[in-house]
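Below is one structure, written out as C-alpha cells, with a few remarks after it.
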Amino acid sequence: MSTLTIFNSVPAAEAPANAPAASGRSIPAVLGADLEVPVKGGRLVGYANLDYAASAPCLEPVSAAVAAALPAYSSVHRGAGYASQLTTARYEQARHTVRAFVGARPDDAVIFTRNTTDATNLLAGCLPEGTTTVVFDTEHHASLLPWPASVRLAAPAFPGEAVRAADEALAAIDGPKLLVVTAASNVTGELWPIAALAHIAHRHGARILVDAAQLVPHRRLNLTALGLDYVAFSGHKLYAPFGAGVLVGRRDWLAEGEPYLKGGGAVRSVGETAEWHDDPEPRHEAGTPNVLGAIALAAACDALSATGWTELVREEERLIARLRSGLASVEGVRELSLWGDDHPRVGIVSFTVAGYSAREVAEVLSSEYGIGVRDGKFCAHPFLRHLLGAQDADGGCDDDTTSAIRASIGIGTTQEHVDRLVEALRDLVSR
Ligand SMILES: Cc1ncc(COP(=O)(O)O)c(C=O)c1O
C-alpha cells in the first residue's frame, strides 16, 4: 500500500454518492478574527490564536445556523406544535448531514454525544461481553482509558510497525476485539495508517474505532471507503463550540448495549420494568438532546464540505510548513515527532524550548505577544513521556520534564500569526 493510500483520506473520485460535493467556495470566516487582547504595558494587539487543537473558534456559518434555529427553538421528539416539529426536523437533518460528512454507510448509527470522550465512553459501555481492546500508548486519554479490558501497545517506531504490532496483538486475542486508534495525533499532528489498521483488524475479526477528533477539522474522512467500524469526534474542535460531539458506526453493538443514560426518550414503555428502544439513537440519547449543538455541528460539516478540502488543505499545508521551518530556525527549539520530519501531518506542532519550561514559554507568548498556545501534556501522558524520553518509572506526570508547547492552526490562522510565534520564540531565546 502506498504512503498516499495509507495516510490520505479518500480522494473525491472515490467518494460514495452520499459524500458532500466540494464546490471550492471561498473559505468561511471565524468569529473573533479581530479579537484584541492586552499585552504587557497595557497595549492591545490582535490575538494570534494558535490553539485550535484544543478548541477551534466558531465559524460564521455555524453561528448563523444557530441564530436561525433559535427563534423556533422548541422540544425535540416530544411536541405536536409547529416549532417542535421544525426543531425535531432540524435535529434529525443534522444527523443526516453528519452521516454524509463522514461518508458513513446508510445503516450506520449517528449518536449525538457531548464530545469525543463521551462518544468513546458510550461505545465502551456497549462492547460485547469479554471484548478486549487494543490501543496504542500514543492515544489521547479519551481513547486510551474507557476500556474495561485492554492490551496497550508501545509507541511504534514507524507506521508499518504500528500495523505489525496491531496484527500480532489482535492475533493473540480470543473473543470479541476492538482496535482503537487516532487518525491524527493531537500531539504531533501526524497521520496514522488507519486504512491499513482497519484492514488488519478485520482480518482478525476485530472492529476498529477511529478517534477522528483531530482529523475532521483538517481532512476529509470517508468511513465507508476506509473500512472503519466507528468514528468519534467533537464539535468544539470542528468550529462548532456548542457542546455536541458524535459517535458514528455499526448499529448492532450499540443496539444491544446498556442505554448510556436511563430516562425518557430511551425507553419505549415502562411498567414494572423498562422496555428500552432497540434503535441506537433513541436508546443512547435519553433526556432532551443538545439540539443547538447538533445543528451547529452539522452546519460546520456543511461549511467545510462546501468550501472544498483541496483549498483548505492547501492553505493549512502552506502555513504549517512555514511554521515548522520557522521553528527549526530558532536555536533550542525542538519539534516533537514520532515518525520524522517528512511524515504527513495536520496543522499541529508540539515543541520544547531548551532552558525554559513549557509553562514559562506559553505565559510569555501570551502576556508579551498576544499569542495563545497550549502547554502541558495534552491529555496524552504516556505519549509525552515517550517523546520526551522521560524516565519517571512511577508514571507520575506532574513535573515539567514531560510537558511541551503546542501550536495548532486552522481556518482563520494567518501568516502573521505564524511569523509572530517564530519571532517571539527567537526573541525569547536570545534574552
Ligand atoms: C485526538 C483527541 N481525541 C479525543 C479528544 C477529546 O476530545 P473532547 O475533550 O472533546 O472529548 C481530544 C481533545 O483534545 C483529542 O485531541
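The values are calculated or read from the model by the stated rules, or taken from the named source; none is laboratory data. Values in this document were obtained by computation on a predicted structure and should not be read as measured data. For neighbour counting, all protein chains shown are included, and Cβ atoms are generated from backbone atoms with ideal geometry for every residue, glycine included. For the accessible areas, the whole protein counts, side chains as well, though only heavy atoms, and no ligand, DNA or RNA atoms are used. Shrake-Rupley method; radii C 1.70, N 1.55, O 1.52, S 1.80 Å.
The residue list 210, 163 contains one member that is open to solvent by less than 10 Å² (accessible area, probe 1.4 Å) and of a type in the set (Val, Ile, Thr), which is 210.
So in segment 89-119, with the set limited to residues that are away from the ligand (no atom under 15 Å from the Cβ) and polar (S, T, N, Q), which one is least open to solvent (accessible area, probe 1.4 Å)? Here the answer is 97.
Determine if segment 376-389 includes at least one residue that is farther than 21 Å from residue 143 by Cα, in contact (Cβ under 8 Å) with a residue 40 or more places away in the chain and crowded, with 20+ Cβ neighbours inside 10 Å. Scanning segment 376-389, I find no residue that is farther than 21 Å from residue 143 by Cα, in contact (Cβ under 8 Å) with a residue 40 or more places away in the chain and crowded, with 20+ Cβ neighbours inside 10 Å, so the answer is no.
Remark: residue 318 falls outside the filter, which requires a residue to be without any contact (Cβ under 8 Å) to a residue 40 or more places away in the chain and over 30 Å from residue 424 (Cβ atoms).
Taking segment 321-350 as the range and being touching a residue at least 40 places away in the same chain (Cβ under 8 Å) and within 24 Å of residue 430 (Cα to Cα) as the test, the residues that pass are 322, 323, 326, 327, 329, 330, 331, 332, 333, 336, 349, 350. Pairs meeting the criteria (first residue in segment 206-220 and among the hydroxyl-bearing types (Ser, Thr, Tyr), second residue at pLDDT 95 or above, beta carbons under 9 Å, at least 6 apart or on different chains) are lacking.
For segment 120-137, filtered to residues that are away from the ligand (no atom under 16 Å from the Cβ) and free of Cβ contacts under 8 Å to residues at least 60 places away in the same chain, the residue that is least open to solvent (accessible area, probe 1.4 Å) is 131. Report whether or not residue 229 is away from the ligand (no atom under 12 Å from the Cβ) and open to solvent by less than 40 Å² (accessible area, probe 1.4 Å). It is true that residue 229 is away from the ligand (no atom under 12 Å from the Cβ) and open to solvent by less than 40 Å² (accessible area, probe 1.4 Å). Could you tell me whether any residue of segment 138-149 is away from the ligand (no atom under 16 Å from the Cβ), touching a residue at least 40 places away in the same chain (Cβ under 8 Å), more than 19 Å from the chain's Cα centre (by Cα) and open to solvent by 10 Å² or more (accessible area, probe 1.4 Å)? No: segment 138-149 contains no residue that is away from the ligand (no atom under 16 Å from the Cβ), touching a residue at least 40 places away in the same chain (Cβ under 8 Å), more than 19 Å from the chain's Cα centre (by Cα) and open to solvent by 10 Å² or more (accessible area, probe 1.4 Å). Scanning segment 269-315 for residues that are surrounded by fewer than 20 Cβ atoms within 10 Å (Cβ to Cβ), in contact (Cβ under 8 Å) with a residue 12 or more places away in the chain and small (Gly, Ala, Ser) yields 274, 286, 287, 305, 306. Taking the criterion of being open to solvent by 10 Å² or more (accessible area, probe 1.4 Å), farther than 22 Å from residue 100 by Cα and touching a Gly at 6+ places or on another chain (Cβ under 8 Å), the residues of segment 184-207 that qualify are 199, 202.
Would a scan of segment 205-215 turn up a residue that is away from the ligand (no atom under 16 Å from the Cβ) and touching a Phe, Trp or Tyr at 6+ places or on another chain (Cβ under 8 Å)? Yes. Candidates in segment 40-59 are the residues that are within 16 Å of the ligand (Cβ to nearest atom) and among the hydrophobic types (A, V, I, L, M, F, W, C); of these, the one that is surrounded by the fewest Cβ atoms within 10 Å (Cβ to Cβ) is 54. Answer yes if at least one residue in segment 235-253 is without any contact (Cβ under 8 Å) to a residue 40 or more places away in the chain and either open to solvent by 10 Å² or more (accessible area, probe 1.4 Å) or of a type outside the set (Phe, Trp, Tyr) (or both), and no otherwise. Yes: segment 235-253 contains one or more residues that are without any contact (Cβ under 8 Å) to a residue 40 or more places away in the chain and either open to solvent by 10 Å² or more (accessible area, probe 1.4 Å) or of a type outside the set (Phe, Trp, Tyr) (or both).
Residue count for segment 150-195 satisfying the condition of being within 13 Å of the ligand (Cβ to nearest atom) and either of a type in the set (S, T, N, Q) or modelled with pLDDT under 95 (or both): 4. Report whether or not residue 62 is in contact with a Lys or Arg (Cβ under 6 Å, 6 or more places away or on another chain), buried (at least 20 other Cβ atoms within 10 Å of the Cβ) and not in a loop (DSSP other than H, G, I, E, B). Answer is no for this residue.
Which ranges mark the strands (runs of 3 or more DSSP E) fully within segment 234-334 that have 2 or more residues being within 16 Å of the ligand (Cβ to nearest atom) and at pLDDT 95 or above? So the answer is 245-249.
Listed here are the residues, each with its yes/no results for (1) closer than 18 Å to residue 51 by Cα; (2) more than 25 Å from the chain's Cα centre (by Cα).
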residue: 338; (1), (2): no, no
residue: 343; (1), (2): no, no
residue: 356; (1), (2): no, yes
residue: 378; (1), (2): yes, no
